[in-house]
Amino acid sequence: MGSTRTAWHVLLAALLRQRRPRNFEVQSEVPLSAEPPRADYLLLRNDAPGEAREPAGTLRRLWPLLPRETIVEFKSVRRTYRSRNLDRLWGYLSLHYADGAARLGPRADLAGVVLLPSRTRSLNADAAALGLVWRDLAGGYWHLQGGAFALYVVELATVADEEDDDLLHLLGHGAARTVEARRWLAEQVGAEESAMAMRELEGFDEVLRTLLTKLPIEALLPALPMEELLAGLPPEQRVAGLTPEQRLLLAPDEVLRLLPDDYLRSLPEDVRAQIRARIGRPL
């Protein structure tokens, strides 16, 4: 336990292996999780003396509850809470507190938050197994009492409705009710930093489908490259409204080269010009 391994660790491992009961196996330096511990978000409070507190634009009732540092776990509509996620969060809190001696004082300086669309049976079961008690803070906010650190659970779907927050509704319900929310989503997907972070992740196609639903195409063009927009549409919608000649231009060059000259010469001049440039053959 700890980052420093000494010669005494090796000696103890040898002693345990040599003098263990036959029904035990001794392993050393064993990773305890498939991935290194990594919190979704870390919120740091920085209250300047005498500075007026700016009201929050989202999760308005959560921020005043939070201490000096807060570890946040987010469970999305697509990948919501799973059994023992709460145990993992407690592990993160304990590790962060153990390594934060230079910053953190009492345990009250650290808290945990679970953000999820709504409470699940597996979350309720894990909380009961850990001996935690639910305290209703109203409006979708809960305090899980009885642990070593303060722990809050936020039901995003309920909070979105209670606080009339459509951007939060997008995360809590997986759908945006207003054009403004979809425009915001388009801006985030179109932003270079956000787009690079999202493109390779699970659920990106779902985000694109949500974005494309009912949002005017002219609102998307400034934010997304055309190939991104088309990638979120099924094939029949990509070619909707195109003439047969325009659909022909979607075919690969290898297919166009197989078409007879008589047929190609029957096409409109603008289509023939594009095909000539692609296949390098006079028509």
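The values are calculated or read from the model by the stated rules, or taken from the named source; none is laboratory data. Keep in mind that this is a model prediction, so the values were computed, not measured. Here Cβ is always computed from backbone atoms with ideal geometry, including for glycine, and neighbour counts include all displayed protein chains.
Structure notes:
- Evaluation of residue 170 against (1) of a type outside the set (Asp, Glu); (2) over 16 Å from residue 67 (Cα atoms); (3) without any contact (Cβ under 8 Å) to a residue 24 or more places away in the chain; (4) surrounded by 15 or more Cβ atoms within 10 Å (Cβ to Cβ) (one fails), failing number: (3)
- Considered as a group, the residues in the stretch 98-114 that are surrounded by 13 or more Cβ atoms within 10 Å (Cβ to Cβ) and modelled with pLDDT of 95 or more include one that is farthest from residue 69 (Cα to Cα), and that residue is 114.
- The residue of the stretch 258-270 that is nearest to residue 280 (Cα to Cα), among those that are in contact (Cβ under 8 Å) with a residue 12 or more places away in the chain and surrounded by 13 or more Cβ atoms within 10 Å (Cβ to Cβ), is 264.
- Some residue of the stretch 46-59 being surrounded by 11 or more Cβ atoms within 10 Å (Cβ to Cβ) and among the charged types (D, E, K, R): no
- Annotation: residue 42 fulfils all but one of (1) touching a Ser or Thr at 6+ places or on another chain (Cβ under 9 Å); (2) farther than 26 Å from residue 158 by Cβ; the unmet one is (2).
- Members of the stretch 108-147 found to be under 17 Å from residue 85 (Cβ atoms) and in contact with a Lys or Arg (Cβ under 8 Å, 6 or more places away or on another chain), listed by number: 114, 115, 116, 117, 122, 126, 142, 144
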